[in-house]
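> Got a structure for you, written out below as structure tokens; questions coming shortly.
The values are calculated or read from the model by the stated rules, or taken from the named source; none is laboratory data. Fair warning: this is a prediction, and the values are worked out from it, not measured in the lab. Here Cβ is always computed from backbone atoms with ideal geometry, including for glycine, and neighbour counts include all displayed protein chains. Surface accessibility is based on the protein's heavy atoms, side chains included, excluding ligands, DNA and RNA. Shrake-Rupley method; radii C 1.70, N 1.55, O 1.52, S 1.80 Å.
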Amino acid sequence: MSVAVLGLGEMGSALAGALLNAGYPVTVWNRSADKADSLVAKGARWAASPEAAVTAAAVVIVNVKGGAVAEELLNAAGAALAGRTVVDLTDGTSEQARATGRLATGHGADYLHGQIMTIAPAIGSPDAVVFYGGPRAGFDRHAALLRVLGGRATLVSEDPGEPVLYGMAVHDIMWGLLNGYLHAAALLGTAGIRIGDFAQQAHPSLSALPSLFPMLAEEIDRAEFATPYGALEHHLPSLDDLIAESRARGIDTDLPTYTRTLVAEAIAAGHAHDSYSRLVQRFARG
Ligand SMILES: NC(=O)c1ccc[n+]([C@@H]2O[C@H](COP(=O)([O-])OP(=O)(O)OC[C@H]3O[C@@H](n4cnc5c(N)ncnc54)[C@H](OP(=O)(O)O)[C@@H]3O)[C@@H](O)[C@H]2O)c1
């Protein structure tokens with residue numbers, strides 16, 4: 001199975017390197033030719049244009065900065081794409097992924113969009129996660145190759161936009177957790193407590209947090225928010241304490257104040273006895 005890799009930035013070079021290591025014949029193209037040197041030294045073939053690279057391969061991997069650039073390269077390859085599979089691993093929005101898909105299929109190619117969930121040095125590892133969207137037949141045909149890039153390659157939908165949303169959801173959750181962790185570190189820091197010491201002592205409490213996700217998921221999916229314990233009304237006094245403590249210690253109060261506003265609004269709307277998952281309706285409103 002011959003592969004073309006268009007784009008040899010940090011990530012594209014890692015993708016091409018993993019394919020070479022696995023023994024695939026790889027043709028590479030990049031706007032700045034010098035970035036291909038180390039890959040060519042490892043056995044990759046250099047192509048002088050996106051079209052020449054595509055012509056040499058059954059599978060075309062695109063990994064550049066921004067969907068507009070990906071579209072530009074695929075348009076440059078044009079009719080040469082017919083009968084090949086384009087695997088677009090360029091980050092963007094879900095609609096951008098669909099638009100690039102329409103462009104590729106318009107030129108007669110199959111199209112898979114992949115959302116890479118790891119940093120470049122982890123490409124090729126069995127634990128690297130890549131979410132894919134596109135036709136199942138295309139994914140299945142190339143599953144072995146895709147698992148060379150990331151051992152945990154999975155097709156999440158036939159819609160090429162959906163893996164983008166999966167990736168964004170992971171990041172959305174990550175930023176929420178990180179902000180809470182760092183706010184806590186600042187709070188503890190004002191008392192001379194190192195976050196590392198705290199994390200060690202509090203490990204049972206912290207490691208239990210992800211176990212809340214399946215429970216919340218069930219409530220959200222069923223749109224049933226009644227709960228016998230941990231109701232929203234019990235969050236309010238703790239949030240007030242955290243805000244008062246933060247203020248007294250001279251650290252940021254915006255983050256806990258925002259959370260308090262969400263909780264107070266839900267209580268005012270009559271949801272005091274509901275689970276925290278009730279707040280999903282507030283986020284859904286925009
Ligand atoms: N790096 C990571 O760890 C990582 C992790 C997850 C996802 N990603 C995603 O992977 C994609 C590539 O990221 P990267 O980190 O490899 O970026 P990068 O190192 O900055 O490389 C960007 C690539 O895009 C090319 N490019 C930019 N503008 C171009 C244009 N107008 N015409 C042609 N080529 C153009 C660059 O070509 P030149 O070399 O000529 O500038 C280079 O090949 C992005 O969507 C990124 O979000 C990266």
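> For the chain, what % of the accessible area comes from carbon and sulfur atoms, probe 1.4 Å?
On the chain, the fraction of accessible area on carbon and sulfur atoms equals 58 percent.
> Run the 1.4 Å probe and let me know the accessible area of ILE193, rounded to the nearest 10 Å².
Accessible area, nearest 10 Å²: 80 Å².
> Amide H neighbours of TYR111 under 5 Å, at least 5 residues apart or on other chains, H built in the peptide plane: list them.
Those qualifying (amide H under 5 Å, at least 5 residues apart or on another chain) are VAL86.
> Here is a further query. Provide the per residue accessible area, probe 1.4 Å, for the chain, rounded to a whole number of square angstrom.
For the chain, the per-residue accessible area is 52 Å².
> For the range 69-156, what is the relative contact order in percent, using Cα pairs closer than 8 Å and at least 6 residues apart in sequence?
Dividing the mean separation by the residue count of the range 69-156 yields 25 percent.
> Take every Cα pair under 8 Å in the range 3-165 that's 6+ residues apart, average their separations, divide by the length, and report that relative contact order as a whole percent.
Numbers: 374 pairs, mean separation 32.7, N = 163.
Relative contact order comes out at 20 percent.
> Separation of the range 192-249 and the range 111-178 by C-alpha centroid, Å?
When both Cα centres are located, 30 Å separates them.
> Using only alpha carbon pairs under 8 Å that are at least six residues apart, calculate the relative contact order of the range 187-284 and give it in whole percent.
The normalised contact order for the range 187-284 reaches 34 percent.
> Hey, another quick one. For a quick check of understanding: with a 1.4 angstrom probe and all protein chains in place, what accessible area in square angstrom does TYR258 have, to the nearest ten?
About 110 Å², ignoring ligands and nucleic acids.
> GLY67: net charge of surrounding residues, Cβ under 11 Å, Lys/Arg +1, Asp/Glu -1, itself excluded?
Combined, the nearby Lys, Arg, Asp and Glu give -3.
> Ok, one more. For the chain, what does the helix formula give at 222 nm: sum of -39500 (n - 2.57) over DSSP H segments with n ≥ 4, over the residue count, nearest 500 deg cm²/dmol?
One gets -15500 deg cm²/dmol as the mean residue ellipticity at 222 nm.
> Take every DSSP beta bridge with both residues inside the chain and express the antiparallel ones as a percent of the total, to the nearest 5.
Values: 5 of 28 bridges.
Around 20 percent of the beta bridges assigned by DSSP in the chain are antiparallel ones.
> Also, quick follow-up: Taking H placed 1.01 Å from N in the peptide plane, check which residues at least 5 places from VAL28 or on another chain put their amide H under 5 Å from its amide H.
VAL5, ARG45, TRP46, ALA47
> On to the next question. Name the residue farthest towards the positive end of the dipole of the range 125-262 from the options MET168, ILE220, THR154, assuming +1 on Cβ of Lys and Arg, -1 on Cβ of Asp and Glu, about the Cα centre.
In the range 125-262, that residue is THR154.
> Need one word for the range 1-160: rounded, prolate or oblate. Basis is the Cα gyration tensor (sqrt eigenvalues a ≥ b ≥ c); a/c below 1.5 gives rounded, then a/b vs b/c decides. Intermediate values should be presented prior to the final figure.
Values: a/c = 1.43, a/b = 1.08, b/c = 1.32.
Judged from the Cα gyration tensor, the range 1-160 comes out rounded (a/c under 1.5).
> Just to confirm my numbers, what's the Cα centroid distance between the range 1-34 and the range 40-82 in Å?
10
> Turning to a different aspect of this structure: So if each residue of separation counts as 0.36 nm, and I subtract the Cα-Cα distance between VAL156 and ALA22, what length gain in nm does that give?
45.8 nm
> Separate question: Under unit Cβ charges (Lys, Arg +1; Asp, Glu -1), what dipole magnitude, rounded to 20 debye, does the chain have relative to its Cα centre? If you can, show how the numbers build up before the last one.
Working: 20 positive and 29 negative charges, 156 e Å.
In debye, rounded to 20, the chain gives about 760.
> Quick check: the angle from helix 10-21's long axis to the longest principal axis of the chain, C-alpha only, nearest 10 degrees?
For 10-21 against the chain, the angle is about 60 degrees.
> Right, another one. From the phi angles alone, apply the Karplus equation (6.51, -1.76, 1.60; θ = phi - 60°) to the range 34-50 and give each ³J(HN,Hα) in whole Hz, x where the residue is Gly or Pro.
Residue by residue, the range 34-50 yields 4, 5, 8, 3, 5, 6, 5, 5, 8, x, 6, 9, 8, 10, 7, 8, x Hz.
> Of all alpha-carbon pairs in the range 166-285, indicate the percentage at a distance above 24 angstrom.
34
> Compute the distance in nm between two label points, each set 7 Å from the Cα along the Cα-to-Cβ direction, one at MET1 and one at MET215.
Between MET1 and MET215, the label points sit 4.3 nm apart.
> Let me see the pair-distance distribution of the chain: every alpha carbon pair, 10 Å bin width, integer percents in order.
Answer for the chain: a P(r) of 6, 23, 25, 17, 17, 11, 2 percent.
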